[in-house]
Each structure stands twice: as structure tokens, then as C-alpha cells.
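The next block holds one structure in the form of C-alpha cells; read it before the comments.
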Amino acid sequence: RALNRKLQKKIENKAGLTILRALLWNRDYHASRPAFELMRQQRNVVQEIVESEKNYVSKMEAGIKYYLQPLQKLSKDRKIKVSQSQLKDIFINMEQIIKFHKLFSHEIETVAKNWTVHSRVGQMFCKQAPFMKISVEYFQKKEKASKLLKELLKSDPKFKQIVDDISQQDEVNHEPLEQLLNRPVKRISEYNLLLQKMNESMFDWQADTKHVQLASKMMEEIASFFNFCIHRKANMEKVFDIEQQIMSYNPIPLMFSLSEEATQIELAKKQGLILDKYEIMKIRLQWQKYFHRIRLVRPSRCFVSDIEVFQVDSNSYQRRFLILLSDVLLVCRKKKFQHKYELMNVLNVETLE
């Protein structure tokens, strides 16, 4: 009987320990569950970066293979009016961008296969920062490339037809050329969003936390730079529209002064070439024709505001249209029944009180 009691007590103690372990495990599980969830989120973001990078490279390679290379061949054979130089200006440095992203895709995939909380994904982005400059170069030339493409599609019907036919192919997923050319721009924004998502699931003790934050900031700055380029382009287009609406012409002395200055600059660039007096005269006449009209577009000049005002005296009133640019105020008179302006005066903003 004493042995039975001793055995029963032993069994009860063992059962008690089992229950206690179960309770402690349950407590620890619930305490660590948020940490497991954050680790899972990190792994998912890394996998999303890998998959989206592979997809990006695939789409860009298809663009080179089915858009650029056939167009280069047609241009070389003179079957389209578009020159090799113009195609280079449209596609900018896309081939360089693809080479960089192929290497980057391979590196990020290697990290993802062996991913742990100690992996350095953010550090990889920071390490590749100098190579991201090729994207900045692309952004700087993108607006000019888009404008050139639109002009060529409009002026060369055969080129337009070929581009449209390529866009209908399954190999390019029915993607228009302009959409393909926007991919490098979108990719930087995608990096920024993915890195922000990853940063939200990082622990303070992870060594890669500061690198993820730095990489996210870097991508945000590159994206902001491109947005600035877009804004500047829109602003210059607005100033150009105003320039086209003004019917007035530069005074003759000013026109001669500006054209002579531009002629000397162009001749200095062509130093070393043998130009006869007729060629020099041709250059001078081209600039005189250019500066005959009032030219408002400058890289540093932007549109601010415009307003219609009334100049009132005792017997009558006159309508005036004021156009404020960043450095000058244009006082104009609107032409009747036309969306055109006659320039009455130009006031320097710095001298206004």
C-alpha cells in the first residue's frame, strides 16, 4: 500500500510537471508569436523583391529583343526614316540598366535562398548605390526621349505601324513602347515601397536595420529627383505655350545683339572647321530668324501665375493680362477673338516694389 502511494505521488508529480511545461510553452509561444510574424513578413518581402526583380529583367530583355534590335536593323537597312542615333536617344542607356539588374537579381536571389534574420538585404542595396547612377542618367534624359518618340511616331507612319505591330506581340505581353520606357522609372518607386515595407518588420537589434532605412531614403531621393524632372518639364511646356501665344517681336537692335552672340558661340564650337563666309552668313541668318520672335523659355524660368486686370481712368478702362514668371512680369493686351497676346511691357521682378 505504501509503495502504491509512493508510485501514485510520483505519477502525480510527473503529470504536474508535464502540465506546467505545457503552460509555460503556451505562454512563451504567445509571447514570441509577434516576433515570428515579423520574421515571416521579412521573408515575404525579400521573396517579393526577388520575384519582382526577375520579372522586371525579363520584361526589359524582351523590350530590347523585340523593340530595339528589330528597329536598329530596319534603320540600318534604311527601311524606316529613324536613324541609329535617334534610337539611341529613345532607349537611352537601357542596355546598361539591364546588365546591372541581371547581376543584382542574381545576388538578391542568392541571399533569399539562405535567408535568416541576420541576412543583409539592405546592405546589398547600399552597396549597389553607385551603380544606381545609371538610373539617374536615364531620368535626366527620359523627358527628351519621350518627346522625340512622339515626334517620330507622328512624322513617320511606317515607324508608327511597326511599333504598333510589335506592341501586339505576346512576347512583349502587348506592352506599348512608351510603357516599356517607363519601367526603369517605376522600378525605383517599387524599391522604395518594398524597402519601406521591410523596414516596418525589422527589429532594432538586426544589423541590417540601418541599411534598410538608408536604402529606402536613397530610393526616395532618386524618385523625388524624377518627380522634379517631370514638374520642370510641365513648367517649361507652360512657358513655351505662353511664348507661342505672344504675337509681338523683339526690337531690331535686340534681335541683332542676341543673334550675333549666339552666332559667335556656335562658331566657337565649330572651331577648327573651315567655314566660308556664306556658311557663316547662313548661321547668322538662322539665329536672326530665331530671335525675331520673343523667346521666354529658359531652364531657370518657371510659370508662377496669371491674372486679368482693368486699368481704369475717368473716361474709360483698358484690359490688361499680367503673366508672372519667376524673374519677369509680362504686361500683355489680349487680341480680340484670339487666344493671342500683344506684349506691352516687361518688368523685372527684382526691381518691383
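Evaluation of Ser216 against the conditions (1) surrounded by fewer than 15 Cβ atoms within 10 Å (Cβ to Cβ); (2) in contact with a Leu (Cβ under 7 Å, 6 or more places away or on another chain); (3) not hydrophobic (A, V, I, L, M, F, W, C) shows that the sole unmet condition is (1).
Out of Lys217, Lys210, which single residue is over 22 Å from the mean Cα position of the chain (by Cα), in a helix (DSSP H, G or I) and either among the basic types (Lys, Arg) or within 19 Å of Asn44 (Cα to Cα) (or both)? I'd like the intermediate steps shown before the answer.
On the way: Lys217 fails: over 22 Å from the mean Cα position of the chain (by Cα).
Exactly one residue qualifies, and that residue is Lys210.
Within region 301-353, which residues are closer than 15 Å to Lys238 by Cβ and of a type in the set (Lys, Arg)? Once the filter is applied, which keeps residues that are closer than 15 Å to Lys238 by Cβ and of a type in the set (Lys, Arg), region 301-353 yields only Arg301. Note on region 63-104: residues that are more than 21 Å from the chain's Cα centre (by Cα), aliphatic (A, V, I, L, M) and assigned to a helix (DSSP H, G or I) total 3. With respect to (1) under 16 Å from the mean Cα position of the chain (by Cα); (2) surrounded by 15 or more Cβ atoms within 10 Å (Cβ to Cβ), the lone exception for Lys133 is condition (2). Remark: pairs (first residue in region 321-340, touching a residue at least 60 places away in the same chain (Cβ under 8 Å); second residue assigned to a loop (DSSP other than H, G, I, E, B); Cβ separation under 6 Å; 6+ apart in sequence or on different chains) = Leu325/Arg301; Lys340/Met247. State all residues of region 301-320 that are in contact (Cβ under 8 Å) with a residue 60 or more places away in the chain and either farther than 16 Å from Ile246 by Cβ or of a type in the set (A, V, I, L, M) (or both); if no residue qualifies, say none. If the condition is that a residue be in contact (Cβ under 8 Å) with a residue 60 or more places away in the chain and either farther than 16 Å from Ile246 by Cβ or of a type in the set (A, V, I, L, M) (or both), then Cys302 is the only one that fits.
With the structure loaded, tell me whether Gln264 is at pLDDT 80 or above, within 22 Å of Lys336 (Cα to Cα) and not acidic (Asp, Glu) or whether it fails that test. Against the criterion (at pLDDT 80 or above, within 22 Å of Lys336 (Cα to Cα) and not acidic (Asp, Glu)), Gln264 does not qualify. Condition check: out of contact with any Leu (no Cβ under 7 Å at 6 or more places or on another chain), buried (at least 16 other Cβ atoms within 10 Å of the Cβ) and charged (D, E, K, R). Does Asp204 satisfy that? So Asp204 fails the test.
Quick one: would you say Ser119 is in a helix (DSSP H, G or I), surrounded by 15 or more Cβ atoms within 10 Å (Cβ to Cβ) and among the polar types (S, T, N, Q)? Explain how you work it out, then say what you get.
Values: in a helix (DSSP H, G or I): no; surrounded by 15 or more Cβ atoms within 10 Å (Cβ to Cβ): yes; among the polar types (S, T, N, Q): yes.
It is false that Ser119 is in a helix (DSSP H, G or I), surrounded by 15 or more Cβ atoms within 10 Å (Cβ to Cβ) and among the polar types (S, T, N, Q).
Looking only at residues of region 166-199 that are charged (D, E, K, R) and in contact with a helix residue (DSSP H, G or I) (Cβ under 8 Å, 6 or more places away or on another chain), we find that the one that is surrounded by the fewest Cβ atoms within 10 Å (Cβ to Cβ) is Glu171.
In this structure, His292 does satisfy being modelled with pLDDT under 80 and in contact with a strand residue (DSSP E or B) (Cβ under 8 Å, 6 or more places away or on another chain).
Residues that are touching an Asp or Glu at 6+ places or on another chain (Cβ under 6 Å) and basic (Lys, Arg): does region 315-334 have at least one?
yes
Residues that are loosely packed, with under 11 Cβ neighbours inside 10 Å, in a strand (DSSP E or B) and charged (D, E, K, R) within region 307-323 comprise just one, Glu308. Go through the residues of region 327-338 one by one and say whether even a single one is surrounded by 13 or more Cβ atoms within 10 Å (Cβ to Cβ), touching a Ser or Thr at 6+ places or on another chain (Cβ under 8 Å) and at pLDDT 75 or above. Looking through region 327-338, at least one residue is surrounded by 13 or more Cβ atoms within 10 Å (Cβ to Cβ), touching a Ser or Thr at 6+ places or on another chain (Cβ under 8 Å) and at pLDDT 75 or above.
The values are calculated or read from the model by the stated rules, or taken from the named source; none is laboratory data. The structure displayed is predicted, hence computed values, not measured ones. As a convention, Cβ positions derive from the backbone with ideal geometry for all residues, glycine included, and neighbour counts pool all protein chains shown.
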